[in-house]
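The values are calculated or read from the model by the stated rules, or taken from the named source; none is laboratory data. Everything quoted here is computed from the prediction, not taken from an experiment. Cβ sites come from the backbone with ideal geometry, for glycine too, and all protein chains shown count toward neighbours.
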Amino acid sequence: MFDEITEEKLKNTQRENIKYDEKKIKGNFIFTDEADDKIQKLYNQFKSNNPIMLEGSTGTSKTKTIQVLCDLLNLKLIRINLSSETTIEDLMGRLISDKDNSFSGFIYKEGAFSEAYSKGYVLLLDEVNLAPNSVLQCMLTALDLEKITQSVLGIGLKTFCGYENFRIVATQNPKSGAFSSTRDRLSTKFLETFQVVEFGTFSATELSKIAHQAAKKQNYENDKIIKQISMFHNEWILSEYSKKSPQCYTVRDLNVSIKSIAEGNSPNDVISCFYGSRYEKKIMG
C-alpha cells in the first residue's frame, strides 16, 4: 500500500515539494526536523498496521500531523470528534430521513467508523478519552474481528467487512493535568491495543524554527522581531497563569502574529490583540 519512505527521502520529498504541499494542505504547517521525525514515526506505525494513539496536550499538532501524513501518502482521511454525547450510531451508521430519494422516506447512512473500516480509509478519532465506554467497547470489538454486524431498526442486520488498508488513529490529552480523570476511564485493554506516540510541547528551539519559516513565507526579514515574538510565545505558554487558564495558545497564534506583523501592524498591537485580549489587563501589565 505504501511506497517505501526512508527518513531522508521523506525529508527530501517535503523540501522539494513544499510549494505543492502548501497548496494541498489546509492551513499552515511548518516542516521542521522535529515535525519530520513525528511524521516518520507515524508512517512506520502505518506500515505495521498498528492502531495509533497520539498523546499530547492541546496545540501540539496531533491532528494536523496525521492530516499532513495522509496528504503525503494520498490516503483518504475521515475525522470525527468524540465526546460524551457520541453514540455507536455516530460511528456505525443510522437511518436518516430522505423523502426525495427514497420510497420509504429513509436511507441508511454509514457512520465514520464503518465507512473507513469497509473502504480502507484512515479514521481519526479526536479526543477519544471523552467517548462513552459503550462506544470504546464497540470499536475494540470491531478491531478484533474481520467484520462487524450492526442491527438497524427497519433494516435488520448490516454487515461490514474490514478492508486490509484500514488504519485507525486516536488522540487524547496526557494523563496529567485537567483531563487526567477522563483519561483514567479508558480500559487497560483499550490502551494496550494502541501504540502510543508522544506529542510533547514545542521546545523553544522548534518554536524559533517555526517562527522563522513562517516569517520566510511572508517575506518578513526582521530577525530581531521574529526572535522576540518566538521567545514571548514560549514564555507565555509556560507561564503559571497561562497553564491554569482555559485559554489555549498554539503555533497557530504564533503564525498569525507573524503574518499580521509582516502586513505592517505594530508588534505590540499584535501581541495585545492575539494574546492579551483574552485576559484581564493586569495580566499583560
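What are the residue pairs meeting all of these: first residue in region 29-42, first residue surrounded by 18 or more Cβ atoms within 10 Å (Cβ to Cβ) and of a type in the set (V, I, T), second residue in a helix (DSSP H, G or I) and modelled with pLDDT under 85, Cβ atoms under 7 Å, and 6 or more apart or on different chains?
Qualifying pairs under 7 Å: I39/L10.
On the given criteria, is F232 surrounded by 13 or more Cβ atoms within 10 Å (Cβ to Cβ) and not assigned by TED's automatic domain parsing to the domain that holds E263?
no
Can you find even one residue in region 204-226 that is exposed (fewer than 13 other Cβ atoms within 10 Å of the Cβ), basic (K, R) and modelled with pLDDT of 90 or more?
Yes, the conditions are met somewhere in region 204-226.
Filter region 48-76 down to residues that are farther than 23 Å from L136 by Cα, in contact with a strand residue (DSSP E or B) (Cβ under 6 Å, 6 or more places away or on another chain) and surrounded by fewer than 19 Cβ atoms within 10 Å (Cβ to Cβ), then give me how many there are.
Matching residues across region 48-76 total 1.
Name the pairs whose Cβ atoms lie under 7 Å apart, with the first residue in region 245-266 and free of Cβ contacts under 8 Å to residues at least 24 places away in the same chain, the second of a type in the set (A, V, I, L, M) and part of a helix (DSSP H, G or I), and 6 or more positions between them or separate chains?
S260/V270
Would you be able to say whether some residue in region 208-224 is outside any helix (DSSP H, G or I), out of contact with any Ser or Thr (no Cβ under 8 Å at 6 or more places or on another chain) and within 24 Å of P174 (Cβ to Cβ)? Working first, answer last.
Here is the first cut: in region 208-224, the ones outside any helix (DSSP H, G or I) are 218-222.
Remaining after also requiring out of contact with any Ser or Thr (no Cβ under 8 Å at 6 or more places or on another chain): 218-222.
Restricting the remaining residues to those that are within 24 Å of P174 (Cβ to Cβ) gives none.
No, the conditions are met nowhere in region 208-224.
Looking at region 189-203, which of the residues that are assigned to a helix (DSSP H, G or I) and out of contact with any helix residue (DSSP H, G or I) (no Cβ under 7 Å at 6 or more places or on another chain) is surrounded by the most Cβ atoms within 10 Å (Cβ to Cβ)?
Top of the filtered list is L191.
Report, by residue number, each residue of region 37-49 that is over 17 Å from N74 (Cβ atoms) and either basic (K, R) or outside any helix (DSSP H, G or I) (or both).
Quick first cut of region 37-49, residues over 17 Å from N74 (Cβ atoms) only: 37-38, 40-41, 44-45, 48-49.
Within region 37-49, K38, K41, S48, N49 meet the criteria.
Tell me, please, whether a residue that is at pLDDT 90 or above, charged (D, E, K, R) and in the same structural domain as D33 (by TED's automatic domain parsing) can be found in region 151-172. If you could, list the steps in order and put the result at the bottom.
So the first thing to find is which residues in region 151-172 are at pLDDT 90 or above, and the list is 166-171.
This time we only want the ones that are charged (D, E, K, R), so: 167.
After this cut, where a residue has to be in the same structural domain as D33 (by TED's automatic domain parsing) as well, the list is 167.
For region 151-172, residues at pLDDT 90 or above, charged (D, E, K, R) and in the same structural domain as D33 (by TED's automatic domain parsing): present.
Mind telling me which of the residues S257, S277, S230, S272 ends up being modelled with pLDDT under 80 and in a helix (DSSP H, G or I)? Walk me through how you get there before you give the answer.
Working: S257 fails: modelled with pLDDT under 80; S230 fails: modelled with pLDDT under 80; S272 fails: modelled with pLDDT under 80.
Answer to the selection: S277.
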